[in-house]
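The values are calculated or read from the model by the stated rules, or taken from the named source; none is laboratory data. Not measured: the values here are computed from a predicted model. Backbone-built Cβ (ideal geometry, glycine too); neighbour counts: all protein chains shown.
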Amino acid sequence: MSDKSQIGLIGLAVMGQNLALNIAEHGFDISVYNRTYSKTEDCVKRAQDEKVKGRLTGHKELSDFVASLSTPRAIIFLVQAGKPVDAVIESLVPLLEKGDLIIDGGNEWFENTERRSQEVAKHGLHYMGMGVSGGEEGARHGPSLMPGGPIEAYRVVEPILKSIAAQVNSGPCVTHIGEGGAGNYVKMIHNGIEYGDMQLIAEAYDILKNLGDLTNDELAAAFSKYNKSELDSYLIEITARIFTKKEEGQYVVDTIKDQTGNKGTGKWTVQEAAENSVPTPTITTALDARYMSALLDQRKAAAKILSGPEMAKAPVDKETLITEVAHALYASKICSYAQGMNLIRAAGEHHNWNLNLGEIARIWKGGCIIRAVFLDRIKSAYEKNASLPSLLVDPDFAKEMNDRQTSLRKVVKYAIDSGIATPAFSASLAYYDAYRRERSPANLTQAQRDFFGAHTYQRIDKEGTFHTEWSKDN
């Protein structure tokens, strides 16, 4: 047996340490390094305490760490995005040899990954950006992995990645996403879809609690019921559990301040949607809702000034409301995923990444935050029709949308009548209605643009481009 490690990992915060232990647990020898050596010592001790199968060795000096790796060297790092990543690369490059591989496992802007790939290629090195989803638990026991970069570089680490990824009935939750920054891009959109999922669930909770008058125990029961249906997913599962948690006799959820954080990937998703001219209203409103939640002091003041309808109970019994909210939630979820997948497809075409949307959906089935049973359905939809313009027009999803859109309308109406904001439900419904209309009011917008800016327009009754002198008499 060689005394060299098969892979190295830099950055031993929560995610890095757990991923290193996961690799060692699967029998691979791994070297680890952290700028603060105490974290390296902690990781080595954990490996000993948890009796991982592979050899995990810690190194105090970066040069010793690099020297401990078998060639071609493969090094994963998980550090804060931006300048810290550039600093790690700058310190690593002089110590590496042609053919070695650097893998950024953080949430990084995909264009930074493409820039860095080109820079290290000048030294004969490979560079990959790899999305890692699943949080602390996923990193330790099986994440969803989204590696992008040179296919020959991926082949070097493929056996390790396939072993440590979450395992589902269709195989390990990892695939080579595409060239360049494709892996980072898909992880970014994954996080944008996650924003949409979480906001939709929050709105369902708001309606059930305030219009349905459900107690926390009843909410837990309702979401547990949802998790045995087409809504079966990790986020629904943990939501049911959240409602049961008590500390000092109080339900924890009721003690939490209603201000939501965000780390940037949701914003990047919305920015990319604008850059690619892809409508993503459910995801966009989910981001806006987080920004609105941050205005806590303003909202408290506005509540004393601004008026609206009195909050009233829904005009249906609890069980009917629970069912209608489930249907509204599922329909909105389909809309949200359709938006995210359309954005991934548009970017893939723009960057020539040759993305496989069905395979991307498949690797989200396990390990990641948005893992859900219905991802199998998305995979099947794209396998049946790789050029599917939208999930909304897949025959199976179209039938479900047609069946559930009435419940979505009812739920949005209940909320409007009681002055409860449901931006993601409402945006999903508007997206659905706009997409299914053969003719929209955009003809008036084009007329206005031509009036004030001579932007021209096209007609429905003849070919060509036209401009009208609107100020002249007929």
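Quick notes on this structure:
- Among the residues of segment 389-410, those identified as part of a loop (DSSP other than H, G, I, E, B) and more than 23 Å from Asn169 (Cβ to Cβ) are Pro389, Ser390.
- Residues (surrounded by fewer than 20 Cβ atoms within 10 Å (Cβ to Cβ) and either touching a Ser or Thr at 6+ places or on another chain (Cβ under 8 Å) or in contact (Cβ under 8 Å) with a residue 24 or more places away in the chain (or both)) located in segment 206-219: Asp206, Asn210, Asp213, Asn216, Asp217, Glu218
- Count of segment 57-85 residues, restricted to those that are of a type outside the set (S, T, N, Q), over 17 Å from Val157 (Cα atoms) and surrounded by 15 or more Cβ atoms within 10 Å (Cβ to Cβ), is 7.
- Among residues that are surrounded by fewer than 16 Cβ atoms within 10 Å (Cβ to Cβ) and in the same structural domain as Leu329 (by TED's automatic domain parsing), Glu194 is not included.
- Residue that is farthest from the chain's Cα centre (by Cα) [pool: residues in segment 233-286 that are under 20 Å from Ala204 (Cα atoms) and acidic (Asp, Glu)]: Asp254
- Residue match in segment 47-54 (condition: within 24 Å of Ala153 (Cα to Cα), assigned to a helix (DSSP H, G or I) and modelled with pLDDT of 95 or more): no
- Hey, Val88 touching a residue at least 40 places away in the same chain (Cβ under 8 Å), part of a helix (DSSP H, G or I), under 28 Å from Glu152 (Cβ atoms) and not charged (D, E, K, R) or not: yes
- Residue within segment 403-411 that is under 30 Å from Leu306 (Cα atoms) and of a type in the set (S, T, N, Q) present: yes
- Some residue of segment 142-157 being over 15 Å from the mean Cα position of the chain (by Cα) and among the hydroxyl-bearing types (Ser, Thr, Tyr): yes
- Residues that are assigned to a helix (DSSP H, G or I), surrounded by fewer than 18 Cβ atoms within 10 Å (Cβ to Cβ), small (Gly, Ala, Ser) and in contact with a helix residue (DSSP H, G or I) (Cβ under 9 Å, 6 or more places away or on another chain), drawn from segment 275-330: Ser293
- Residue identified as surrounded by fewer than 23 Cβ atoms within 10 Å (Cβ to Cβ) and modelled with pLDDT under 95 among Asp433, Asp394, Asp376: Asp376
- Qualifying residues in segment 420-430 (those that are in contact with a Leu (Cβ under 9 Å, 6 or more places away or on another chain) and within 19 Å of Pro389 (Cα to Cα)) - the one surrounded by the fewest Cβ atoms within 10 Å (Cβ to Cβ): Leu429
- Ala421 being touching an Asp or Glu at 6+ places or on another chain (Cβ under 9 Å) and assigned by TED's automatic domain parsing to the domain that holds Tyr337: yes
- The sole residue among Lys410, Lys384, Lys472, Lys399 that is at pLDDT below 95 and not acidic (Asp, Glu) is Lys472.
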